[in-house]
Every structure is written in structure tokens, then in C-alpha cells.
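Inspection log for the structure reproduced underneath, given as C-alpha cells.
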Amino acid sequence: MDFNTARENMVKNQVMPSDVTNKRLLNAMFEIPREKFVPPESILHAYNEMAIPAACKREIIEPRFLGKMINTFDPNPNELILDVGCVMGYSTAILARLSQAVVMLETLELSEGREKIFTELGLDNVIVAKNSVVEGVEEHAPYEGIFIQLAIDYFPEEFKNQLKVGGKALVVFEREGVKQCYLGLKTEAGMNWTYQFDANVAYLSEFKVDLGFEF
């Protein structure tokens, strides 16, 4: 399979038509080999317009959704980003091209061996954390941005506390049965969330509330 041609077609036919206009982001997606960030058995589907199942009840989201999310998140070269629930690290690699540094936070099973891939790609500004997904990574906080591409029912206090005042968070909440992407800005008073677009993505299981839970 010609992965280079498949990657080019993915960006031109899936990502760019989804209102993704950030040139730095598009260049990163043209360059980062997505086939290195999917399970071996799914490598031939790496550039298809589909979500790809992964271990730990995770799902690698469609490229068009990821492109729209990062385009909305708009990482800057001077920012430290926490990438939560990033499965096998494709989003981490892209964010690393766009920001000062990225902390990858995933399960140990999914993050195993990722350092080698990042090194091979020349991404020396990625830290692969060993923390629990629900705790965040306080030792590198505060962050200018927190990126969570899989759906969550709530934004935990731990993450809010690790985000700088003036910092931003990109998340997907389910509202009335519809999964929606929100951009949040942290103020002295708390998080101010703004709806961006609908995003049909899988749940980040650690932050899915069981029925009957009461806030």
C-alpha cells in the first residue's frame, strides 16, 4: 500500500473539506504517518474515513473529526499541552508539531512503546506520562491547553486545576443524546464552555457516568 498517497488523499478529501484551514495543522497531517498510530491489524485502514477500534475500549476517531478539533483548539508554538485519552498517540504527534511540548496521557497498555515512535519521527518535545488517566499530570502543570478528543460526561476538577487561568480545553460532551464539541476557556470564576460542532466519537470510558449517578 502506498501510505504517502493515502495520507495525501486523506487530508485533501476528508480533512480539508471539513472546514480545516490551519495551514500548520494541514502540513502536520500531510507529514505525520498515521499508519504508525493504529493497531497492526488495522494498518490498511489507517487512512480510511472511519473510526478504528483499539485496546482498552478505545477508538481512534475519524481524521476529519480530529482535524476539526485541533483546528478549533488552535495550539500555538509557545504552549504546553496535555493530550488526554489519545489512544496510540496520533493526535499527540500532530500537537507536538504545533506546540512547544505535549504530555501524552493514556493507559500504560496503549502508551507502551510510543516514545520510540516519537523519537523516530524527530518529536523530542513529547512526554509520555505514566499517570492514571483520571489524575492528569500535575508534575508538568500548569498547561496552556488540555485536549480530550473522546467523549466525556464531565470535565474533572483535577484537569481544571492543572489548566492555567486563560488556558483552553477542547472536549466532547453528550448533550440530549448528541455528542458535541466544546471549547472551554478557564477564567478566575471557572470554565466558560462554547459549543463548536457535533462530533460522533466514542466515549473515554474513565469519564462516562453510570446511569443513576447524581451530581
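For residues in the stretch 201-213 being farther than 13 Å from P156 by Cα and at pLDDT 95 or above, which is surrounded by the most Cβ atoms within 10 Å (Cβ to Cβ)?
The residue in question is A202.
Name the residue that is farthest from D74 (Cα to Cα), counting only residues in the stretch 5-26 that are assigned to a loop (DSSP other than H, G, I, E, B) and open to solvent by 90 Å² or more (accessible area, probe 1.4 Å).
D19
I need a count of the residues in the stretch 109-136 that are β-branched (V, I, T) and open to solvent by 70 Å² or more (accessible area, probe 1.4 Å).
Result for the stretch 109-136: 1.
Out of all the residues in the stretch 170-185, is one or more outside any strand (DSSP E or B), open to solvent by 60 Å² or more (accessible area, probe 1.4 Å) and modelled with pLDDT of 95 or more?
no
If M1 satisfies every condition in (1) among the hydrophobic types (A, V, I, L, M, F, W, C); (2) assigned to a strand (DSSP E or B); (3) open to solvent by 10 Å² or more (accessible area, probe 1.4 Å) but one, which is the exception?
Going through (1) among the hydrophobic types (A, V, I, L, M, F, W, C); (2) assigned to a strand (DSSP E or B); (3) open to solvent by 10 Å² or more (accessible area, probe 1.4 Å) one by one, M1 breaks only (2).
So is S91 among the hydroxyl-bearing types (S, T, Y) and under 13 Å from the mean Cα position of the chain (by Cα) or not?
Taking the combined requirement at face value, the residue satisfies it.
To keep it simple, each residue is scored yes or no on (1) closer than 20 Å to A199 by Cα; (2) surrounded by fewer than 19 Cβ atoms within 10 Å (Cβ to Cβ); (3) at pLDDT below 95; (4) among the basic types (K, R).
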site	(1), (2), (3), (4)
I60	yes, no, no, no
E106	no, no, no, no
E157	no, yes, no, no
K160	no, yes, no, yes
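The values are calculated or read from the model by the stated rules, or taken from the named source; none is laboratory data. Computed from a prediction, not measured in an experiment: that's the story for all the values here. Using ideal geometry, Cβ is built from the backbone for each residue, glycine included, and neighbour counts are taken over all protein chains shown. For accessibility, only protein heavy atoms count, side chains too; no ligands or nucleic acids. Shrake-Rupley method; radii C 1.70, N 1.55, O 1.52, S 1.80 Å.
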